[in-house]
Amino acid sequence: MSARRPPSPSSLVVATASAIHGRGVFARAAIADGTRLLEYTGERITKAESERRDQARIARARRGGDGCVYIFTLNARTDLDGRTRRNLARLINHSCAPNCRAEIDRGRIWIVARRDLAAGEELTFDYGFSFKNWETHPCRCGAPRCPGFIVGAPHRWRLRRIPRSRRRALAAAAAAHGRISP
């Protein structure tokens with residue numbers, strides 16, 4: 001099933017303050033299920049460079065700096081680092097109950113509506129993070145079944161094995177410091 005092409009990002013969405021985290025991307029008007037909303041753009045990098053940048057991000061966040069992740073898997077050899085101001089899609093927040101999905105089509109990453117979206121609704125997608133370093137990514141999505149950390153749906157069952165008290169303590173520490181926990 002091919003998704004519809006977006007007219008122009010600025011006519012469909014707008015970036016503004018988000019209750020989930022920092023800034024988010026919101027629908028300007030009602031959007032139909034299957035609509036391609038934005039292309040996730042950035043620098044194509046090797047897996048080795050991706051790992052190097054990820055480790056630098058973790059170190060920076062532990063020092064109280066920006067811990068945001070913008071690296072997106074393209075294929076087995078290449079990732080895309082979306083840390084560029086021109087990439088509006090980088091501002092789409094994670095949700096454990098997302099209303100959008102990411103589709104890779106001919107080496108390009110598109111954010112596509114998973115269902116009809118209402119005007120003013122925040123766009124979200126599942127970042128799909130692995131279980132590795134789960135404790136460094138507290139989740140604030142507010143979804144009813146949110147486990148408290150940003151972990152991709154296929155890995156969330158593993159969080160249930162970690163005592164809820166430990167998950168809450170780690171999330172509270174991260175929130176209190178405004179950064180990831182050490």
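Quick look at the numbers
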| quantity | calculated |
| --- | --- |
| Single condition ARG90 does not satisfy, out of (1) touching a helix residue (DSSP H, G or I) at 6+ places or on another chain (Cβ under 7 Å); (2) outside any loop (DSSP other than H, G, I, E, B); (3) of a type outside the set (Gly, Ala, Ser) | (1) |
| Strands (runs of 3 or more DSSP E) within region 12-60 that include 1 or more residues free of Cβ contacts under 8 Å to residues at least 40 places away in the same chain and either touching a His at 6+ places or on another chain (Cβ under 6 Å) or among the β-branched types (Val, Ile, Thr) (or both) | 13-17, 43-46 |
| Answer residue from region 93-141, given it is out of contact with any helix residue (DSSP H, G or I) (no Cβ under 6 Å at 6 or more places or on another chain) and of a type in the set (Phe, Trp, Tyr) and is surrounded by the most Cβ atoms within 10 Å (Cβ to Cβ) among those | TRP134 |
| Residue match in region 96-110 (condition: modelled with pLDDT under 85 and under 26 Å from ALA27 (Cβ atoms)) | no |
| ARG62 vs. criteria among the charged types (D, E, K, R), at pLDDT below 95 and closer than 22 Å to ILE111 by Cα | no |
| Counted residues, region 45-73 - those being in contact with a Leu (Cβ under 6 Å, 6 or more places away or on another chain) and loosely packed, with under 14 Cβ neighbours inside 10 Å | 0 |
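For (1) part of a strand (DSSP E or B); (2) in contact (Cβ under 8 Å) with a residue 12 or more places away in the chain; (3) under 12 Å from the mean Cα position of the chain (by Cα), each residue gets a yes or a no:
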residue	(1), (2), (3)
CYS96	no, yes, yes
ARG101	yes, yes, yes
TRP110	yes, yes, no
GLY120	no, yes, no
TYR127	no, yes, yes
ALA143	no, yes, no
HIS155	no, yes, no
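The values are calculated or read from the model by the stated rules, or taken from the named source; none is laboratory data. Model, not experiment: these values are computed from the prediction. Positions of Cβ are generated from backbone atoms using ideal geometry, with glycine treated the same way; all protein chains shown enter the neighbour counts.
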